[in-house]
Amino acid sequence: MLLLTFLCSFLFQNIPSPTTDSSFVINQINILGNQKTKESIILRELDFVAGDSIKKSDIDKRLDLTRRKLINTNLFISAELKYTQVSNNQININIKLMEQWYILGYPIFQIVDRNYAEWWQRGASLSRTTYGIDLTHGNFRGKAEKINLRLETGFTQRIEVAYRIPYIDKAQKTGAGFSFTYIANKNLAFKSLNDTLYYFKNFEEILRKRFSTAVYLRKRYGFYDTHTLELRYNNNVIADTIKKLNPDYFLDSRTTQKYLQLSYYFNYDFRDNVAYPLRGNRYELLINKSGLLPNDDINQLEISGAYSLYKPISKRLFYGLYLKGKVSFPERQPFFNTRGLGYFGDLVRGYELYVVDGNSYFLARNNLKFQLVNSKIQLKFLKIKQFNTIPIGIYPNIFMDYGYVQNSYANVNKSKLANKSIYGGGFGLDFVTYYNMVVHLSYVLNDRKERNFVFGIGREF
């Protein structure tokens, strides 16, 4: 009996089990519509090559994920991926692209306040705006290289030059770039008091000058992750007037601040659309060290991390979650380098009019949105294909946020919002259109029973 059992197991172990799913073999990949973009840039986004096998049950999902990656390069307005069967088990994959208009000159007209609610509260004055031009080539030489020149005047005088090349190696995993920035202000926020920024204006004197130059290397191992290492030199100068108004602007009554800065940034982005995602997730990590040399004017370490989740609940109903936390050291920091909630879009909605300074914070934002409209309008009288199709998306939404800022010196700036939980929420309407432009209209309220209408232009969190 033992011998019979052994023989049976030996005979049957080499018999292949029946397969439940057969595969296609990719015969060839055809790319259409890339008049300027090199094929190597497009092929870098594909997770398959000619000769690969793909399970028949996976083919639609694989093509959709590849379409998302191509759109998120910001090189194409649209991308269509289809396959045609050329034999029982062989297919051709056809990629049809519509390239964006890569050379653009944007007129700049923007507010300098943190958001439109604050700008409106301060009188909606045109003196609190900047204007100029932003010249961009988003696909130089067809290799996704980006060249940018930005010139501004008004509230802020600004000159910025930047260059980025996505790949400098044959494996197409390493990119590089550099930037040069000069900014001058005659109107300046010099401190926060009672969770409000205070400004000083002097038309006869430049109150602050900032110069920085940076170089960076970017590594992309997979399709969705990037690692960026940046070295930056900063040289900041303030007028004596600002030093007198706030001796802690640079700490210890300094009028200059010079230092080297080294930062590492990790980004894993698996979202369907970087401007207004409805599906996917994202992880971010930033480690930033300001002050590398003994004679640098600052010695500060900042670590922040963020997580985003976008999940469809039904065909038209979507949930979004954003979590972010930051810690920084030491506790006593220059006002200029201290950022809590209220800056760069990191805020509890309902608290648009406040800044909550501190060296550490936690933020949670929740969204529930409904896809009311998702269509396109054809403008046949326009002959330029990059502009004659207007995408229209309308999303009513409700939201609820939570935040907490830790500040060991809250008594100094008389903060009532630091070291306590704050809440805000409301409902709104989002419009998504040309070139990933997103317009937000919201009615917000917070736990202080304050209410406001908020207008904003920008990307979703």
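Just so it is clear, none of the values below were taken in a lab; they were calculated from the coordinates. As the structure is a computational prediction, the values presented were derived from the model and not from experiment. Reconstructed Cβ throughout: ideal geometry from the backbone, glycine too, with neighbour counts over all protein chains shown.
Relative to the longest principal axis of the Cα atoms of the chain, the long axis of helix 2-12 makes an angle of roughly 70 degrees. Find the centroid of the Cα atoms in segment 223-296 and in segment 394-454, then give the distance between the two in whole Å. Using only Cα atoms to place each centre, the spacing works out to 23 Å.
With 0.36 nm allotted per residue and the present C-alpha distance subtracted, the I303-F370 stretch has 20.7 nm of extension available.
Here K414 is the anchor, and the aspartates and glutamates within straight C-alpha reach of less than 13 Å, apart from those fewer than 8 places off in the same chain, are D195, D357.
Please get the size of the charge dipole for the chain, origin at its Cα centre, with Cβ charges of +1 on Lys and Arg and -1 on Asp and Glu, quoted in debye to the nearest 20. Show your work: numbers first, answer last.
Details: 62 positive and 40 negative charges, 126 e Å.
I would put it at about 600 debye.
Given R0 = 25 Å, the distance between the Cβ atoms of D225 and V161 translates into a calculated FRET efficiency of 0.30.
Scaling against 2.2 N^0.38 Å puts the C-alpha radius of gyration of segment 22-99 at 1.06. For the chain, the mean residue ellipticity at 222 nm estimated from helices alone is -2500 deg cm²/dmol, where every DSSP H run of n ≥ 4 contributes -39500 (n - 2.57) and the total is divided by all residues, rounded to the nearest 500. Projecting label points 7 angstrom from Cα along Cα→Cβ for I206 and Q121 puts them 3.1 nm apart.
Approximating the spin labels as points 7 Å out from Cα along Cα→Cβ, the I313-to-L193 distance works out to 4.5 nm.
Computing Rg and the Kirkwood Rh from the Cα coordinates of segment 341-461 gives a ratio, Rg/Rh, of 1.13. Listed by chain and number, the aspartates and glutamates whose C-alpha is less than 16 Å from the C-alpha of K201, apart from same-chain residues fewer than 8 away, are D113, D240. Remark: spin-label model distance K420-R448 equals 1.0 nm, labels positioned 7 Å along the Cα→Cβ axis. Full extension of the segment from D240 to I103, taken as 0.36 nm per residue of separation minus the current Cα-Cα distance, would add 45.1 nm. Over 29 Å between Cα atoms, which of K38/K82; K219/K420; K186/K258; K96/K324 qualify? Result: K219/K420; K96/K324 exceed 29 Å.
The simple Förster model, with R0 at 30 Å and r as the Cβ-Cβ distance, assigns L262 and Q172 a FRET efficiency of 0.70. Can you run the Rg to Rh ratio on segment 103-359? Use alpha carbon positions and the Kirkwood inverse-distance Rh. Ratio value, two decimals: 0.97.
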